1. Ordered shortest first, which distances in nm separate the 7 Å Cα→C-beta label point of residue A:219 from those of the other copies?
2. Any idea what angle helix A:22-61 forms with the longest principal axis of chain A, computed on alpha-carbon atoms, 0 to 90 degrees, nearest 10?
3. Rounded if a/c is under 1.5, else prolate if a/b is larger than b/c, else oblate: which is segment A:278-401, with a ≥ b ≥ c the root eigenvalues of its Cα gyration tensor?
4. I'm a student and want to see the number: the projected area of the Cα convex hull of segment A:342-395, averaged over all directions, in nm².
5. Ranked by Cβ crowding within 10 angstrom, fewest neighbours first, how are C:420, C:58 ordered?
6. Could you compute the FRET efficiency for residue A:189 and residue B:338, with r as their C-beta to C-beta distance and R0 at 51 Å, rounded to 0.05?
7. I need C:28, B:260 ordered by Cβ neighbour count within 10 Å, fewest first.
8. Work out the FRET efficiency for residue C:231 and residue C:399 from their Cβ-Cβ distance, taking R0 = 35 Å, and round it to the nearest 0.05.
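Read-outs throughout are calculated quantities, based only on the coordinates presented, and are distinct from any laboratory measurement. Quick caveat, the model's predicted, so the values are computed rather than measured. Here the Cβ is made from the backbone with ideal geometry for all residues, glycine too, and neighbour counts use every protein chain on show.
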């Protein structure tokens, strides 16, 4: 999602134009601009629906007594996420590093206030889309990081501290990490720049590692890890979880497809194809491996496999070759099964598997695109740069999350009381159950 | 959504065309037409999904024993709404007031039969879209008014009388009110024309005021208002309600974005941005105020806050400035909390808050866009015209709804028996529960 | 969905181009190509969401104890369907019959491997869209056939045999039947070619007849047909079923609209209109007839009526006239009511009505478009060809399904034990319930 500021020549990025009548070409370029811009906007709507996907998946996978709490957090996150992105995120995210020697981070003003000419903002800020199309598309991404954490800390986190945490993560840390890559920051200034097409690292691994830190400090749900072994806490509604996973798959066509940042036919078609193939590869990988390991066809694993496939391909849907997109997804789906079992073994309690799906598989996708076997020998990507990027972003997310969670733990406490946890957060914190007879 | 009939010059609404080769420009204009038309169609699909949003929201917020009834009404409404819009609505809605001195209302024939040349109908009827694209987009809006009423009268209205009521409201009253504004009627002939971009007044306040009249005549659900005060009747499934609210938010990108009536990049990008910011402003306003007033984080209020933000901005997503769209939404979200509590105080029982969300907040949005603080000093809108418009449409909806509800009450009765209400409408009217074990 | 291979002239399919400057026209055609291709991709995403629609509809209509099983099958089907379409389907489906005298079927290699120049594959393979856009759009259709069967055999079929069955049906039989029509096969070589725009026969009737054969061999659910008559087995969640039906309606705009295979304004607008009118006609037809026959307003029938309307129009949304699309849908909706009651009478147990909705109504839609009353006297279609096509495809689907089901029955058995059926497949096969308290 790196962007080129508008130049006249950038408008003529298609064949056969050089010799044509200038006035007509302006008209043609204007029409091309309309399509490209429209696709960014439609993609923004598709990414928006991913928030319903997350809400349904997370609330479906948690217990019946904590559903209102999960949904409330998700509604808050989408509201807060778009607002903070408006006030601090957008301009922090794209601070114009070209003129910034340090290139670490930069805080800007509210979206729309960084240029003198407000009218210009509303039309062509970039080669292929308007200023506001760019803003709204990016804003829809912004809340994702907090949503990932929300799932991992569900069923025992205190509401108000989580809301503060989420605001800091989305309003401050996410745009900083994003600026390192998409804002032209240090990840982009390496000899072979870090490659992360739509955010396996910058969105997903970022969220996953923030979640890991938060879960370590928060502890497991009561009764999950007993002396007698791991006691599974079953999802309260698998249809709700399935609705969520399918909507995430649907929205991902906007997440990855919109990240082409134009409606370029070859690029968007390829991205749709590799995205879908990786998703179904992931579903298949998780179905097969979980069946072997758990001796039964496991629906939750299948759903997380679809998502793992999607996270796997998100770093390089335009770099990984079509046949290899299946393999990369398949491995991602297998990884998620092993990872979920592993975190349960080391007593890291993640009710929805978010750390595995977004964190662990986010690493996999970021690294996979640099392997010649998967990218067909693409020399514009470097395994070293990929590792530097994912370690840098992951470490930043983990440390940032760890520090603010720790501060929260010391100041107000971040965990509900044992009684509240037993009763469920819906009645304890919200005074209302999710379902009535 | 006012439309310009096709003129050749209207096709060249973009820069740099004047001096170009005519034949080429025809080709360019044709391609521009394809995009604009496609966006109207995609918007129609997005508005369609709002009917699932309404269905899920309304059924989620009502009691478990009345879910089938709510869903059945919604399926009927979408079927009836599109059919009546085909038979009487479309041509009534856009009757060509230019040639009509009275300008009050006019009934036409079925869609497609008002012009001699049927073939022309299927291609370029307007500058930016075909006749049928226009029809299907408008048809998706049409059923909304009845859906709003459906939520407010849920859990005690008799099915068949409601179906007749909804048919009259959607097939007759809605296109008449719509014609006053979008059909070039009297609201449009005021010195400063009434401004209602996508229908805060003409769709939402219209539905809200029709609902108010119906609820007054219908009475509250048994057991809601007792001598001991208001007894809350809890929603049977908040996940279902949340799915509904998110889908409405999603579909609203088509509702407002499609009402640009072209894919104009500056306009659609701006409308997407103000729509989303108002929605999340509304969610935040409702979260904060309900938390203060009710002393708990209330999910239903948060969901209604999102919708209130959306209704708030619907009159002027292209007039209210970007930063002020947040404020207008925020106030809309706060209004809905106060309004819901107020209607409960005066014993107007509205199970889903539809009168508040669509009626009261519809007024707010319509008026807000005329305030210089919110519209940045736009002189094309007038507070007086806005008040005249919302009072005119609101009064018409209220009176029309009151009269037909009263007639229905006298002729067949509009309320189920006490036994049926206690048993629930699902088994009493439909012979089947919504859920089985 | 028949496709034209790229020719330079095919790019200039719009008015006023002949005399223009060549270089400019290349640019204009390029821009037109971007839109057309984008619409195919957006349609692919819309068709994808139909798989969530099917999942929700089928799981909603079945019993609570079999929900995980239904959802698992649907997740598997989308994964398997896209993968087999990649490996064998796409090239089998469009094998280039021009050079194939026999024209019965042909098996190709994996998608993308049938031409020497891989790069060309990624850009303009056809006049209006890229190779991969075509692939992903068609791939989303592919799994549908198995999903239809999945609903009909729900609640008593053994999982693993069904998975093998579905793989053979989708990976082998569907592309063969598809190739007869869309691949330029024998149905297309009749004097008046068989007409099936988006697949009333090739997708829906195909799935419906495959389902019929499977259900005949599988038998009814225990306790459905007793000596005391038919004992209805009620749906476990009608809201879930309603979500499914609405999402199918939503996705159908991509299924039919995308099958225009370009964003042609007249064609796509018309297809959207006839599709929506047929759907609501179908809903209305089912509501009215089921109310008369069953003496109550039946939500399941109303939902199946919407789908029946959609299946009815799918063969000829561009052939059936606009007013007649309502009638064709209305009759489709009435047929589904009668058909569901009929199959119950002859003890063919289809828990979701899939055989009626897709099989019986698929025939209706295929035949209806050839009746002059409905198509306005279109002479490009022939009733005889339509009957030959639907009988040919239906018979092939039935026989193929019958044979492989029979082989499965003999080799491993295709039905769960009576104990497992009584307990429910969720716990018996998946070790987990769909819902917990």
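1. 5.5, 5.5
2. Relative to chain A, helix A:22-61 is tipped by roughly 0 degrees.
3. oblate
4. Computed as one quarter of the Cα hull surface, the answer is 4.5 nm².
5. Exposure proxy ranking, most exposed first: C:420, C:58.
6. Efficiency, rounded to the nearest 0.05: 0.45.
7. B:260, C:28
8. Numbers: r = 32 Å, r/R0 = 0.91.
Efficiency at R0 = 35 Å is approximately 0.65.
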